[in-house]
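Engineer: Here it is, the structure in full.
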């Protein structure tokens with residue numbers, strides 16, 4: 001099972017997103033053409049670590065190159081806690 005599904009410019013993340021899954025997720029998204037802004041839905045995400053923050057930051061950097069945005073919805077509480085711990089909660093809201 002993939003940890004990410006693409007529905008046009010909506011990306012649905014699934015399951016655990018940790019250091020184990022992050023490299024394969026990055027491989028799946030590295031070739032995104034950034035013709036549109038992206039909405040990332042985290043409703044189906046379970047366990048997370050700082051790897052998901054790293055992925056989000058990288059996607060936001062890539063989007064910015066093309067004058068696009070990355071928005072996050074349904075942020076799990078454990079990701080919000082990590083973001084707050086590192087003082088980056090405004091970047092995932």
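Engineer: Look through 25, 56, 72 and report the one residue that is surrounded by 14 or more Cβ atoms within 10 Å (Cβ to Cβ), in contact (Cβ under 8 Å) with a residue 24 or more places away in the chain and under 16 Å from residue 2 (Cβ atoms).
Structural biologist: The match here is 25.
Engineer: Take region 28-40 and flag every residue that is in contact with a helix residue (DSSP H, G or I) (Cβ under 8 Å, 6 or more places away or on another chain) and under 12 Å from residue 11 (Cβ atoms).
Structural biologist: 29, 32, 37, 38, 40
Engineer: Select, from 72, 56, 43, 25, the only residue that is touching a helix residue (DSSP H, G or I) at 6+ places or on another chain (Cβ under 7 Å) and part of a strand (DSSP E or B).
Structural biologist: 72
Engineer: Collect the residues in region 39-51 that are under 10 Å from the mean Cα position of the chain (by Cα) and over 14 Å from residue 74 (Cα atoms), keeping them in residue-number order.
Structural biologist: Across region 39-51, the qualifying residue is only 51.
Engineer: So, one more: Check whether at least one residue in region 8-23 is closer than 16 Å to residue 83 by Cα and touching a strand residue (DSSP E or B) at 6+ places or on another chain (Cβ under 8 Å), and report yes or no.
Structural biologist: There is at least one residue in region 8-23 that is closer than 16 Å to residue 83 by Cα and touching a strand residue (DSSP E or B) at 6+ places or on another chain (Cβ under 8 Å).
Read-outs: derived from the displayed coordinates by stated rules, not from any lab. Note that the coordinates shown come from a computational prediction; the quantities given were computed from them, not determined experimentally. Because the Cβ atoms are built from the backbone with ideal geometry, glycine has one as well, and the counts that use them run over all protein chains shown.
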